[in-house]
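Asks: Let me begin by handing over the structure; questions about it come next.
The values are calculated or read from the model by the stated rules, or taken from the named source; none is laboratory data. Quick caveat, the model's predicted, so the values are computed rather than measured. Here Cβ is always computed from backbone atoms with ideal geometry, including for glycine, and neighbour counts include all displayed protein chains.
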Amino acid sequence: MLFMPIIWLFYEENGLTIADLFIIQSIYSVTIAVIEIPSGYVADVLGRKNSMIIGMFFGFVGMVVYSLSFGFEGFLIAALCLGIGQSFISGSDTALMYDSLVQLNRSNEFIKLEGRTISMGNFAEALAFILGGLLAEISLRTPFYFQVGIAFIGFLVTMLLVEPKTERLKDGKSKPWKNIKKIIHFSLRENETLRYYIFYSAIIGAGTLTMAWFSQPYFMEIGIDNTFYFGLLGAGLNLAVAIPSFYAHKIEEKIKTKTLLIVILILICACYFTISYVTSFWGLLILFVFYITRGIATPVLRDYMNRHIPSEMRATVMSIRSFLIRILFASTSPFLGYIANVYSLQQAILFSGILTFLLGGITLVFLLKKDVKPY
């Protein structure tokens, strides 16, 4: 995403405030949330590859709209298209990888390969931040033009994916809503361990997503406003995710499951609280620790979840997790944007940290009472 290092500067150049940014991102998240579970079900019934093709097409359209828009309404339409696209991809990608490994009798390698996939993505994102920062020297709109081409390439690559052989839901096409209700009931009522994994993973996911959108305003808060430096810092943060993600399977092997779950929450919240009080360049160091924790948490929590999900409902259950992330983000981000505008960015970051700590802590207490051994 070449535009990410300058997205806030781009919004500001086109007359938007930080509150507008969070409103658009909130609506983007609501769009994903509304379509998330039905799109996951489509992936389970019609195929994960087909779902991802639909998602990449909407992603391409969204980037075209973004590159041609000059105000709130245009950015909102672009966000809606991107939200639809993301919802069809989310869950389908993880399910396709996991079931491909099951078919090859290599499911025990998921955490290793998922970590490497996330790592490769963040290395690519690091390069994109540097290139995006350089392209922004031409104009803040230039990265969006190049992003259109990248989105189109992504759409073509999705066509090359291979669908693994998996069991399909009975009456999947004729009774969709009945089956969706059955999957939701299984994952959030019947299987208590899976339920708490879903909620815990969603809370951590929402917490890391919120910090990602706070990072650029925070750069400006501590006196960094050059697009090239935005790009370099964004690249560094993505590398901070990439390296631990690559070795996530090693970390999972060495640290007990319960201990790792506790450490993830403590580090995420400690970084939130520290950053809310530090308005100097030292805050960047804390931000790097936050992103390192994110690099470990994402593949590890996905792996823990996948071990409790039947193949025929994997994409739908992973979409339930994404649905909850987006609902949490959408319900809190406008309020956080309001706090940042009316009071201060530090107050908004502090409030977000407190919320993550309370919700994550309560869920973790219930999760630790269950059998959370990964094998």
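Asks: If we keep just the residues of the stretch 254-269 that are assigned to a helix (DSSP H, G or I) and among the charged types (D, E, K, R), which is surrounded by the fewest Cβ atoms within 10 Å (Cβ to Cβ)?
Replies: If we take residues in the stretch 254-269 being assigned to a helix (DSSP H, G or I) and among the charged types (D, E, K, R), then Lys254 is surrounded by the fewest Cβ atoms within 10 Å (Cβ to Cβ).
Conditions (1) touching a Leu at 6+ places or on another chain (Cβ under 9 Å); (2) modelled with pLDDT of 90 or more, marked per residue:
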position: Ile325; (1), (2): yes, no
position: Gly337; (1), (2): yes, no
position: Gln346; (1), (2): no, yes
position: Leu350; (1), (2): no, yes
position: Thr356; (1), (2): yes, yes
position: Val365; (1), (2): no, yes
position: Leu368; (1), (2): yes, no
position: Tyr375; (1), (2): no, no
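Asks: Still on this model: Check off (1) surrounded by fewer than 16 Cβ atoms within 10 Å (Cβ to Cβ); (2) among the hydrophobic types (A, V, I, L, M, F, W, C); (3) in contact with a Phe, Trp or Tyr (Cβ under 9 Å, 6 or more places away or on another chain) for Phe144 and give me the number that stays unchecked.
Replies: Exception for Phe144: condition (1).
Asks: Within the stretch 199-253, can you find the residues that are outside any loop (DSSP other than H, G, I, E, B), among the β-branched types (Val, Ile, Thr) and free of Cβ contacts under 8 Å to residues at least 60 places away in the same chain?
Replies: Result: Ile251, single match.
Asks: Looking for something in a helix (DSSP H, G or I), at pLDDT below 95 and among the charged types (D, E, K, R) - is there at least one such residue anywhere in the stretch 126-143?
Replies: No - not one qualifying residue is present in the stretch 126-143.
Asks: Go through (1) without any contact (Cβ under 8 Å) to a residue 24 or more places away in the chain; (2) buried (at least 21 other Cβ atoms within 10 Å of the Cβ) and name the single condition Leu301 misses.
Replies: Leu301 satisfies every listed condition except (1).
Asks: Every residue in the stretch 108-138 that is among the hydroxyl-bearing types (Ser, Thr, Tyr) and either surrounded by fewer than 18 Cβ atoms within 10 Å (Cβ to Cβ) or within 20 Å of Ile7 (Cβ to Cβ) (or both), please.
Replies: The one that is among the hydroxyl-bearing types (Ser, Thr, Tyr) and either surrounded by fewer than 18 Cβ atoms within 10 Å (Cβ to Cβ) or within 20 Å of Ile7 (Cβ to Cβ) (or both): Thr117.
Asks: Check the stretch 298-309 and report whether any residue there is outside any helix (DSSP H, G or I), closer than 29 Å to Gln103 by Cβ and of a type in the set (Val, Ile, Thr).
Replies: yes
Asks: Related question: Given the condition under 30 Å from Phe3 (Cβ atoms), in contact with a Phe, Trp or Tyr (Cβ under 9 Å, 6 or more places away or on another chain), at pLDDT below 85 and part of a helix (DSSP H, G or I), answer yes or no: does some residue in the stretch 270-279 qualify?
Replies: no
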